[in-house]
Structures are given as structure tokens and as C-alpha cells.
Amino acid sequence: MNQHAKAISFVLNGSKTEMLVQTHENLVELLGRLDLYGARESCGQGLCGCCTVIVDDVAVSGCLYPAAFVDGKTITTIEHLDHDVQLSPVQQAFIEEGAFQCGFCTSGFILMTHKLLEQKPMPTDEEIRDYLAGNLCRCAAYPEIINAVKSAATKMART
Amino acid sequence: MISFELAEPKTLNEAIALLDAEDPEVRPISGGTALMLMMKSGVFRPSRLVSLQKVEADYSRIERGSNGSLRIGAMASLSQVEHSDEVRRVAPVIEKTMRHLSNVRVRNVARLGGNLAHGDPHMDLPPVLSSLGAKAIVAGPSGQREILIEALFSGYYETVLKRDELITFVEVPPQAGWSSSYIKCTTRSADDWPALGIACSLRIEGGSIGDVRLMISAATEKLTRLVSTEKVLRGQKVNEATFERAGESAMAEAEVIGDSRGSASYKSELVRVYVRRALRQAGLGETQP
């Protein structure tokens, strides 16, 4: 093995995964090689949130995360949220509130909303805005997104 | 991005041994958020990166000393620092600063040591930690040394750290009797890099300013302590007139640089206004018990 490649193993969406990554690869590129396209590189600078991935229980920007760093870690992507063949309450709320137009940013917003609601089950408007400040929606569906977050919070409180 | 050798030492000492005092293409990487940007844009093309991700967990701990001091491991993520009860109890200004520092995902990944060692004059934590009187504990091949955060930066993206030295801990002294504030001005969008950052800590004694530390960042080539303005402030009454005089003094003292976020003359005016506001916030805010 050359010095610029690393053999890594990690848990991806519940399955143990082993692969060889190049040191210059980032996490979005790694996921793309596994046909997972829900995390998308958009700004490439960690500002927009389209590449959001959950690594060891925290949200990260996949475009700024070296693929080699996931060695030994647990990764969850948007593709895992309906693994029991049912949309998550957050996904459902985004559909009901029409919280997207083109949908490019949506997977990032949904994953971030999941993390927010884990930490703050009933967030205020200000807390929602603060937490999602690093996610950009170029269609500007922000009012609907905030409604969707609140609606998801209510759904999850009921269950 | 080009390919490079990635070393993943398990201990701090191994990490130091893998660094190279002479070779600028060999660098440590902690969270990687800032270095990834530099590598993607081609500004930095490493031959070897020494990852600190797997070094001893001691360097990620946050502890409060019995005297009210703080000791933060350099590998603590900015989120860890943001949500630490210990940090909040000693220096609530840090938590307030984090709220507007980049975004949740970057804070989850970026590490305190990397944030400081990067030497970017637009960062928020260097002025805040300097105004608290914090210092960095630094380890190298020949042992340890301490550097005040205010003395860490030697120029634009330059620090006094040697290429084979690593920040291991940041120590914040007890803040009893002090109150602190940090405000920044972003001119293009709320989440932009700041055009100006002002951090100040005041020790107020009987309605007068007993001691003060006043830092400016982002508008200047490197983090700078406004020493002359501090002299203007010491011993003065805590009131608007004092703050106003300090704003005038800071405007005259700071060597501001114009860039895409504002011309030098515009930023000078910002200095006058923001120094006054930062002092007002610290002066009329709560003092640490």
C-alpha cells in the first residue's frame, strides 16, 4: 500500500464497512464511491450544509472532513433515516410544510433538524435560526423550513 | 487537492517526532476544517500531515482548577468548549462568542489548538482568550514552554510556534472580579468573516477601571493589544465619557488595514464605535463572582 492510501473501517448506516481511501479524499467523495449521493458538495467551504453527515453522533460538513478520519467511527447519512421503510417525523414534516423547492439543501436541513431536536426537543424560533444558521437554502424556503422544524418537534413530542 | 502522507500517531510525543522543524510541507492537523480549505484552494500543498486525532484523550479534557482557573485540552472541539459547564462558570464570554463563530458543524469538528495555531487574524477566540489573560502550553522536542495568547501571533497567518511544536493546553486564569465582552462586525453577511473584532476585560473597583485588557483583531494584520488605550482607561470612572475617549484613542492607535470587508478609513470609524460598545457591554455587564 502506498503512503497516500489508508485502509479504514467504520460503521456506515448500521453496516460495518472497510475500504481503501486516498488521503486527499473527503467524506462526500467517499460516500459518492458507495453510491450515497444525499450528502452533496455545494459551497465546498463548510458554509452551506448541503454535505451534512453525522459522524459519531455529531453533524459535520463532509466537504471539509478528510475521509481517512472516519476510521473507527460511526456514520449516518440521510439515506438511513427511512431504514425501517418509514420516513422520519422530520422528513414527513418537511413534506407536509412544503419546506423545499429544488431539494438540493434538504438532506442537510433534515439531518441538522434531527440533531437540533435531540438537543432541544421544543426549540424556540431563535434557537432554530441559530442552529440552522449554517445551512443555506438558495430557494429561500426558510419560513416553511422553520414551520417544518416546529411541526416535527410537535410530532416527536406526541410519540 | 493533492495526495500526501498521513501519519496517525497514538501519542503526543510520537506526533512531535513526526513533525519537522525545517519543512513547511509537514504540518499537524487536528480537526482539519481550516487546513482542508487551504488544501482545496491549493494554498497549502503538504507532503505529510501529522493527524492529532488519535493522541491521548487527556488533550481533549476541560478542567476547572480549585482557584477558578480553566485548563482546556487543545484537542477539545469548539462545541465541547461551547457547551462546557466549567467554561461557562469561569468565562461566559466564551460561550457567547461561540454562538456566532462559524456554524454548528464546523464547531463540532474544529479544535481549540488548531484554531489558535492557524494564525488567522479573523478568528474570534484569539482576541477573547487574550482579553481573559489566557496562555498556551506548548510542547516541542526540547520540552514545554508557555506563551500568552496575546503574544502567539507574529504576523498574518504567522505564529511564534516552531514547526515541530504543538499547543497542548490553553489555561485561562481565574476571572473573579473581571467582566468581559466580545463584539465583532461583519459587513457583507451575518456569517461572514469579521471586518473587526474587539474583546475587552475590565476589573472594576469602586466605580473605576482598576485594570483592563483590550484586544483588536480582523481589522489589523494580526491580533493586537491596544496598550495606549488601556492607559487611557485605567483609573477612570466607568461611564460613557470614558468609553468615548477610549474609542477615540483606539481609532488613533490601531493600524487598520483595508480589504474586501471595508476600507481602512471605514474600519477606523468602526474601531471608534465598537470599542465604545464593547467597553459599555463589559463595564455595565455582570462581573464574574
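The values are calculated or read from the model by the stated rules, or taken from the named source; none is laboratory data. Worth saying up front: this structure is predicted, and the values here are computed from it rather than measured. With ideal geometry, Cβ positions are generated from the backbone for all residues, glycine too; neighbour counts draw on all protein chains shown. Note: areas computed on protein heavy atoms with side chains; ligands, DNA, RNA excluded. Shrake-Rupley method; radii C 1.70, N 1.55, O 1.52, S 1.80 Å.
Quick notes on this one:
- When segment A:32-48 is filtered for residues that are more than 16 Å from B:VAL106 (Cα to Cα) and either acidic (Asp, Glu) or without any contact (Cβ under 8 Å) to a residue 24 or more places away in the chain (or both), the ones remaining, listed by number, are A:GLY32, A:ARG33, A:LEU34, A:ASP35, A:TYR37.
- A:THR76 modelled with pLDDT of 95 or more, open to solvent by 30 Å² or more (accessible area, probe 1.4 Å), of a type in the set (Val, Ile, Thr) and under 11 Å from the mean Cα position of the chain (by Cα): yes
- Looking only at segment A:101-123, and only at residues there that are open to solvent by less than 70 Å² (accessible area, probe 1.4 Å), within 14 Å of another protein chain (Cβ to nearest Cβ) and assigned to a loop (DSSP other than H, G, I, E, B), the one that is farthest from B:ARG105 (Cα to Cα): A:PRO123
- Residues that are facing chain B (nearest Cβ under 10 Å), open to solvent by less than 10 Å² (accessible area, probe 1.4 Å) and either under 30 Å from B:TRP193 (Cβ atoms) or without any contact (Cβ under 8 Å) to a residue 40 or more places away in the chain (or both), drawn from segment A:17-31: A:THR23, A:ASN26
- The set of residues in segment B:136-164 being farther than 22 Å from B:THR11 by Cα and of a type in the set (A, V, I, L, M, F, W, C) consists of B:ILE147, B:LEU148, B:ILE149, B:ALA151, B:LEU152, B:PHE153, B:VAL160.
- Selection within segment A:124-148 - touching a Gly at 6+ places or on another chain (Cβ under 9 Å), within 12 Å of another protein chain (Cβ to nearest Cβ) and hydrophobic (A, V, I, L, M, F, W, C): A:LEU132, A:LEU136
- When B:GLN236 is tested against the conditions (1) in contact with a strand residue (DSSP E or B) (Cβ under 8 Å, 6 or more places away or on another chain); (2) open to solvent by 40 Å² or more (accessible area, probe 1.4 Å); (3) touching a residue at least 40 places away in the same chain (Cβ under 8 Å), the lone failure is (3).
- Segment A:70-100, residues that are touching an Asp or Glu at 6+ places or on another chain (Cβ under 9 Å), assigned to a loop (DSSP other than H, G, I, E, B) and closer than 17 Å to A:CYS50 by Cα: A:ALA99, A:PHE100
- Here the strands (runs of 3 or more DSSP E) wholly within segment B:99-158 that include at least 3 residues being surrounded by fewer than 22 Cβ atoms within 10 Å (Cβ to Cβ) are B:135-140, B:143-148.
So that you can scan it fast, the table gives a plain yes or no per residue for (1) in contact with a strand residue (DSSP E or B) (Cβ under 8 Å, 6 or more places away or on another chain); (2) at pLDDT 95 or above; (3) within 14 Å of chain A (Cβ to nearest Cβ):
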{"residue": "B:SER79", "(1), (2), (3)": "yes, yes, yes"}
{"residue": "B:VAL90", "(1), (2), (3)": "yes, yes, no"}
{"residue": "B:THR97", "(1), (2), (3)": "yes, yes, yes"}
{"residue": "B:HIS100", "(1), (2), (3)": "yes, no, yes"}
{"residue": "B:ARG107", "(1), (2), (3)": "yes, yes, yes"}
{"residue": "B:LEU112", "(1), (2), (3)": "yes, yes, no"}
{"residue": "B:GLY119", "(1), (2), (3)": "yes, yes, no"}
{"residue": "B:MET123", "(1), (2), (3)": "yes, yes, no"}
{"residue": "B:LEU129", "(1), (2), (3)": "yes, yes, no"}
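- Unique match (being among the small types (Gly, Ala, Ser) and either part of a helix (DSSP H, G or I) or open to solvent by less than 20 Å² (accessible area, probe 1.4 Å) (or both)) among A:ALA153, A:ALA140: A:ALA153
- Here B:ILE183 meets each of (1) among the hydrophobic types (A, V, I, L, M, F, W, C); (2) assigned to a strand (DSSP E or B); (3) under 17 Å from B:ALA74 (Cβ atoms) with one exception, condition (3).
- Residue within segment B:181-192 that is assigned by TED's automatic domain parsing to the domain that holds B:SER77, open to solvent by less than 40 Å² (accessible area, probe 1.4 Å), aromatic (Phe, Trp, Tyr) and touching a residue at least 40 places away in the same chain (Cβ under 8 Å) present: no
- Set A:LEU20, A:LEU31: member being in a helix (DSSP H, G or I), farther than 21 Å from B:SER41 by Cα, at pLDDT 95 or above and not assigned by TED's automatic domain parsing to the domain that holds A:TYR131: A:LEU31
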